[in-house]
Amino acid sequence: MVRKKREARGERRENFFPRFFHLASRLSLLTSLLLAFPAHAESVLRDTETENFLADQTAPIFHAAGIAPASVHFVLIDENVINAFVAGGQNIFIYSGLILRTENLEELLGVIAHETGHIAGGHLIKMGDYIENASKESILLTLMTLAAAAVSGNASVGEAGTMLTQQTLLSKVLAHSRANEDSADEAGVRFLHKAGLPAIGLQTFMAKLLDEELLPESRQDEYVRTHPLTRDRFESLKGRVEGEKEPPLPQSAEDEYQRIKAKLRGYILPRLVIQEPMGTDIANRYSHAVAYYRMGDMPSALKILDGLQAAEPTNPYFNELRGQLLFEHGKLPEAAAEYQKAAAALPDAPLILQSYGQVLLANNQITQAIPVLLRAQQNEGDSPQTHRLLATAYGRSGHEDMAQLELAEESMLNLDYKSAQRHAKIAKLPPGTPGAQRAQDIIELSKEKIKEEKDHPRDRDN
């Protein structure tokens, strides 16, 4: 599980250490919409196990909605807030607090089906073409910036961050109308039924939040503020669900979901988890292993992980966790061996490939690192971190022009068009090659984006 941020402009690090990165508050990305972010800026959590599970379990919902599952991306936000929303295209943002609040997989699938209803109904947050192909971290940062501008009524909102929390700012942009919520409810239930999945979870999740409409707004959960919930709407939803004969979810899916919840809880609430007695089930032990890792207690984490791997010796996610733990404690050859096993079992997992390439790079195995990182890039092209790692690898292997091209790609994903243009111009690649054409494309596109920002600084969300 990885918390990601964008690195400061121009920073060149050969050792990307540690693995956890917070979302940066680099204000220069959006030159005319400035926000002074509080220190607790939201972070994007990346975890292969969670993302693969969500993709597998939600594919039937997207098929039922007529949406290609591969076109929908989940973004997990590290914040103890109950909320979910769709933005920047078909990206479903889910707060970690929402996952921890759900009782079971049925409730999570209900929420995701509801958000799918927003996608199918076109209730999307319009962010403009300027953010096309941006990284998920950039989309989240832009959302908060747009929210600040919307609240202040001024494109220059440097004081907004000191007056309002980011959650308050986001709620202003993410709020849906009652009509949109009813429509998303109806569509979500329809998609679940068509997919042969139980819809009761959406009702039970909403029931938890129903009484909050009577509370002052400051005490309501974020989900209630951004998804207007009334008793009439709840009764309408209840009527759509009751009486339907719904097949239960497979117990194996529920068990896996509880394991993912436990893993997440160990990551974001490590002090609390390690104070609790450790049970004998896999999920509870997994939670404690992650918690001890987060607290920097390597011996305790490894001891629990030994037992987990003895119970499930072919589980690639246990290899991944051990690899990450060993890497962060400087045991590079051992970490590389664990990541190699994980990558062999999951050859198309970009985060595992990225981590494996990073370890090889840190261990000065440049020749081996480059093809691994290229595979990561092929499977997920919108990762600024992969481009930065490749830039480092190419630079250390003497291919400076390719390094500059990768830095240009990274800058484009971070919406830093001036840097993208500068790096692309430095990359003097052989004419007629794909790299040379890509560098030229970046130069032309960055020119357009810079001009667009200059000419229409206040119309980006139209």
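Six or more apart or on different chains, Cβ under 9 Å: which pairs go from a residue in region 429-457 that's touching a residue at least 40 places away in the same chain (Cβ under 8 Å) and over 22 Å from A403 (Cβ atoms) to one that's among the basic types (K, R) and not in a helix (DSSP H, G or I)? Could you list them?
Hits for this filter: E452/R460; E453/R460.
Restricting the search to region 248-296, which residues are of a type in the set (S, T, Y) and touching a helix residue (DSSP H, G or I) at 6+ places or on another chain (Cβ under 6 Å)?
Step one: list which residues in region 248-296 are of a type in the set (S, T, Y), which gives 252, 257, 267, 280, 286-287, 292-293.
Result: Y257, Y267, Y286, S287, Y292, Y293.
Please state which of the following conditions H63 fails to meet, knowing it meets all the rest: (1) modelled with pLDDT of 50 or more; (2) surrounded by fewer than 18 Cβ atoms within 10 Å (Cβ to Cβ); (3) within 19 Å of the chain's Cα centre (by Cα).
Evaluating H63 over (1) modelled with pLDDT of 50 or more; (2) surrounded by fewer than 18 Cβ atoms within 10 Å (Cβ to Cβ); (3) within 19 Å of the chain's Cα centre (by Cα) leaves (3) as the failure.
Tell me, please, whether a residue that is closer than 26 Å to S252 by Cα, under 18 Å from the mean Cα position of the chain (by Cα) and either open to solvent by less than 10 Å² (accessible area, probe 1.4 Å) or at pLDDT 90 or above (or both) can be found in region 19-39. If you could, list the steps in order and put the result at the bottom.
Pass one, region 19-39, residues closer than 26 Å to S252 by Cα: none.
Checked against the condition, which is being closer than 26 Å to S252 by Cα, under 18 Å from the mean Cα position of the chain (by Cα) and either open to solvent by less than 10 Å² (accessible area, probe 1.4 Å) or at pLDDT 90 or above (or both), region 19-39 yields no hits at all.
Keeping to region 331-341, report how many residues are closer than 22 Å to R396 by Cβ and open to solvent by 50 Å² or more (accessible area, probe 1.4 Å).
The number of residues fulfilling the criteria is 3.
Considering region 55-82 alone, what residues qualify as being among the polar types (S, T, N, Q), closer than 30 Å to L269 by Cα and part of a helix (DSSP H, G or I)?
Applying the first criterion (among the polar types (S, T, N, Q)) to region 55-82 yields 57-58, 71, 80.
In the following step, the residues that additionally are closer than 30 Å to L269 by Cα were identified as 57-58, 80.
Q57, T58, listed by residue number.
Would you be able to say whether some residue in region 448-457 is assigned to a helix (DSSP H, G or I) and either modelled with pLDDT of 95 or more or polar (S, T, N, Q) (or both)?
Step one: of region 448-457, the residues assigned to a helix (DSSP H, G or I) are 448-455.
Still in the running and either modelled with pLDDT of 95 or more or polar (S, T, N, Q) (or both): none.
Taking every residue of region 448-457 in turn, none turns out to be assigned to a helix (DSSP H, G or I) and either modelled with pLDDT of 95 or more or polar (S, T, N, Q) (or both).
Being surrounded by fewer than 22 Cβ atoms within 10 Å (Cβ to Cβ) and over 16 Å from the mean Cα position of the chain (by Cα) narrows it down to one of G110, G121, so name that one. Give the derivation first.
On the way: G110 fails: surrounded by fewer than 22 Cβ atoms within 10 Å (Cβ to Cβ).
Result of the check over G110, G121: G121.
Would you tally the residues in region 342-370 being of a type outside the set (A, V, I, L, M) and surrounded by fewer than 20 Cβ atoms within 10 Å (Cβ to Cβ)? Steps first, answer last, please.
First, the residues of region 342-370 that are of a type outside the set (A, V, I, L, M): 347-348, 350, 354-358, 363-365, 367-368.
Going one step further and asking which of them are surrounded by fewer than 20 Cβ atoms within 10 Å (Cβ to Cβ), we end up with 347-348, 363-365, 367-368.
Qualifying residue count for the region: 7.
Just to check your reading of the model, which residue among D441, D401 is touching a Gly at 6+ places or on another chain (Cβ under 8 Å), assigned to a helix (DSSP H, G or I) and open to solvent by 20 Å² or more (accessible area, probe 1.4 Å)? Break it down stepwise before answering.
Numbers: D441 fails: touching a Gly at 6+ places or on another chain (Cβ under 8 Å).
Of the residues listed, the single one that is touching a Gly at 6+ places or on another chain (Cβ under 8 Å), assigned to a helix (DSSP H, G or I) and open to solvent by 20 Å² or more (accessible area, probe 1.4 Å) is D401.
Rundown of residues vs (1) at pLDDT below 95; (2) hydroxyl-bearing (S, T, Y); (3) closer than 25 Å to D78 by Cα, yes/no style:
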| residue | (1), (2), (3) |
| --- | --- |
| I268 | yes, no, yes |
| A283 | no, no, yes |
| Y317 | no, yes, yes |
| R322 | no, no, yes |
| L332 | no, no, no |
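The values are calculated or read from the model by the stated rules, or taken from the named source; none is laboratory data. Just so it is clear, the structure is predicted and the values come from calculations on it, not from any experiment. Here Cβ is always computed from backbone atoms with ideal geometry, including for glycine, and neighbour counts include all displayed protein chains. Keep in mind that these areas ignore ligands, DNA and RNA; they rest on the heavy atoms of the full protein, side chains included. Shrake-Rupley method; radii C 1.70, N 1.55, O 1.52, S 1.80 Å.
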